[in-house]
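What follows is a single structure, written as structure tokens, with notes after it.
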Amino acid sequence: MSIQTSPFLERLIRFLIPFFTGVTADSEAARAEILETLVSYGARTRAELLNAVQAIAYGMASLDMLHQAQTTEMSNSMRLRFVGCANNLTRNSLKQEEMLNKRLACDKPAATKPAAEPVNDVSDAEAEMTLEELGVKIESMRHRLYDPATEAKYGFSGQNPDQLPWGSPMMAALANETAARNRTPT
């Protein structure tokens, strides 16, 4: 398994270079070591690569803190602080590895298939039949909602019930006002 190089991967390698330059002074050899380490984690996506890089960085920083605690001259309280920091870094490294393992346990996300074109998903005959059925349903509802008392109350006498405005008495008043303006000569 190999990892394809990209600007994203190169940036991750630059973050890890300081941890690997202690192994070799040659930057190309350090880069090769980083790539080999990343491949060993089995990361397939950028998110998985990021988890792997964080696990590596936390683990290497933890080892560096423990090394400093052992080799540097410091007080016991400072040494204890370094060991505590190393322990916290180790926990973070394990947490990143756990997150990576959960991601790796899932199948690789597949590319989504483009949706069917909604313009031609029904034949013309089916579309026409559906429109006719909806028209019949709308007409039956319109006649069911028509009330002669509403016609008398809001002054719609003489109008076709199919042409009555839908909605509140406010709409009825607006319809009457519009009709009155159309009758007034200008």
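Every read-out reported here was derived from the displayed coordinates using simple, explicitly stated rules and does not represent laboratory data. Model, not experiment: these values are computed from the prediction. Cβ coordinates were reconstructed from backbone atoms using ideal geometry, including for glycine residues, and neighbour counts include every protein chain displayed.
Residue under question is Gly42, and the condition is that it be at positive phi and loosely packed, with under 14 Cβ neighbours inside 10 Å; does it hold?
yes
So is Asn51 over 17 Å from Phe20 (Cβ atoms) and under 31 Å from the mean Cα position of the chain (by Cα) or not?
Criteria met by Asn51.
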